[in-house]
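Down below is the structure, laid out as structure tokens.
The values are calculated or read from the model by the stated rules, or taken from the named source; none is laboratory data. Computed from a predicted model, the values in this text were never measured in an experiment. We place every Cβ from the backbone using ideal geometry, glycine too, and count neighbours over all the protein chains shown.
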């Protein structure tokens, strides 16, 4: 922001004929006013700016000139600016007798005329008067800037506090509101919002109180301060808080109410909830007090129940932490088990007939396998279990479970099944789907304590476009419906959250629907729930249709259980950053008759692949520092296209973003020597088949 010029004020002079310019500049110099002389009209216009104090110009310089540029500059001045012009006219050429001079007044606006020849005192007096007027304009500029800055600060403060500004003109009840204020009353920034609109959107029960408060402020001058409910156009109820003060004009007349507004819906709801909780607690306290004399055992039972609930909550929190840590635990634990199992398997081959050593090794192997089983259970809890996915006939699965379901739900429950004659197989883990169906049936039974009917249905549905979690495609939907007490909207939304349960203490973990939801996501399907209070609940498990049939899948599995030894000795590049695991795996491979070259990083492996030596197969760990196994696979494909690759990982699932379309086999840790040999034979068979086809 420019300051007010003082001794540095500059006058611009344009007098192209005679000595007028020289005389004017000399006189200004003598009284300490700086000036600049413009040789022509173009230079004069170019020299004009907001910090010029005044302009001196001769009438004849403007008489035949195009004044468009000067007129445009004058019109473009800021609102605070009105540059003074001093016009030097010829004798008798003042505006009273000279129409041309009068025209200049219309164009230049702020004009003073001096007839030549002029006296020095007159010229200096007019120049100083123009300078004083210009300084008053600069002072106005500073005041306007200060007001603008204050306005910006006020607006920033209002926005930071999420406050809406408003004014009410008392004479004509004209309401002016900010965009934030309109939003508080459920209106858009561009919507009209009158004082009548404001009154109409106040809740009918609060409207009279609001109008009485306005009236009291008008009469007594007391500050307007109120909280009331508002009803938006969509019918929803909110809370608003308004504060205002009475504004008076210079004569003391009451003219306006100026104030702010805020949305306090969240605060009011929190206070209501706290108030309700306090009332409940007060009632509870009063009820323990009443029964204390004759039912002390009831009090102790309630305390015990609370302690059990707190203990269950602590256990749930512990299990949640375990669930968050299982991914890393599984990887590290599986790596340790990998080394233990591999070395024990090899050791068993070298103990010969030493029965005691064989017994000790077998015991150690059983312990290591139990550790691997524990890891799988942790992964199942965290919804990261390694599923055995294949084509599953859901019709056969549901009909085969009918006896088990009837025994599980009891004699007061009737199970109806609606299964079509022909449905395509789905891509799923049969064991996990059976557990999911059993869990849904038990939930349905618990929702009908007085008995009822559970309806189990299968149906094929075509998903045309992507919706929610489901991609477009064909799905088989397994649905379980009951006629129980049902759930409200809020309970239904929480139903798949871990540890959430509507059952009483000790009759549910709150993990059933959460695990089924996790299973659905792993299968690239979905779990959909619909419920109505008093009418029942319907659960739908959507499972994608398999691209292969059940028979061919079973044939492949049986073939892999008795693999044909077709691989023969191979030269294998083994990549693992863990030296212990690399040594164990290398020993198993050598024991199988293969030649092994070890690399302990992706960079080292790429060095081997880029050299002169050739390899029949690369086995790499997934999780390695610097370069992951997946990154190594992509780089290796560029160096050696078609190289068979086996990716080993201790994770149940590879992280998102790993492209499984790179034609690589996967081997989960910990693996046995037999599993390792099986995967090598499978890769060899696949490579041979592709080569023969080509």
* In region 590-628, which residues are at pLDDT below 90 and in contact with a strand residue (DSSP E or B) (Cβ under 6 Å, 6 or more places away or on another chain)? -> 622
* Asked: Quick one: is residue 86 within 16 Å of residue 103 (Cα to Cα), outside any loop (DSSP other than H, G, I, E, B), in the same structural domain as residue 130 (by TED's automatic domain parsing) and in contact with a strand residue (DSSP E or B) (Cβ under 6 Å, 6 or more places away or on another chain)?
  -> yes
* Considering (1) assigned to a strand (DSSP E or B); (2) modelled with pLDDT under 90; (3) crowded, with 18+ Cβ neighbours inside 10 Å, say which one residue 646 fails and leave the rest. => (2)
* Asked: Tell me, which residue of region 114-140 that is over 18 Å from residue 33 (Cα atoms) and in contact with a strand residue (DSSP E or B) (Cβ under 6 Å, 6 or more places away or on another chain) is surrounded by the fewest Cβ atoms within 10 Å (Cβ to Cβ)?
  -> 116
* **Condition check for residue 352: in a loop (DSSP other than H, G, I, E, B), modelled with pLDDT of 75 or more and surrounded by fewer than 20 Cβ atoms within 10 Å (Cβ to Cβ)** => yes
* Asked: Does region 386-422 hold any residues that are within 30 Å of residue 451 (Cβ to Cβ), at pLDDT 90 or above and part of a loop (DSSP other than H, G, I, E, B), and which are they?
  -> 412, 419, 420
* Select from region 31-56 the residues that are in contact with a helix residue (DSSP H, G or I) (Cβ under 7 Å, 6 or more places away or on another chain) and either touching a residue at least 40 places away in the same chain (Cβ under 8 Å) or at positive phi (or both) and write down the one among them that is surrounded by the fewest Cβ atoms within 10 Å (Cβ to Cβ). => 31
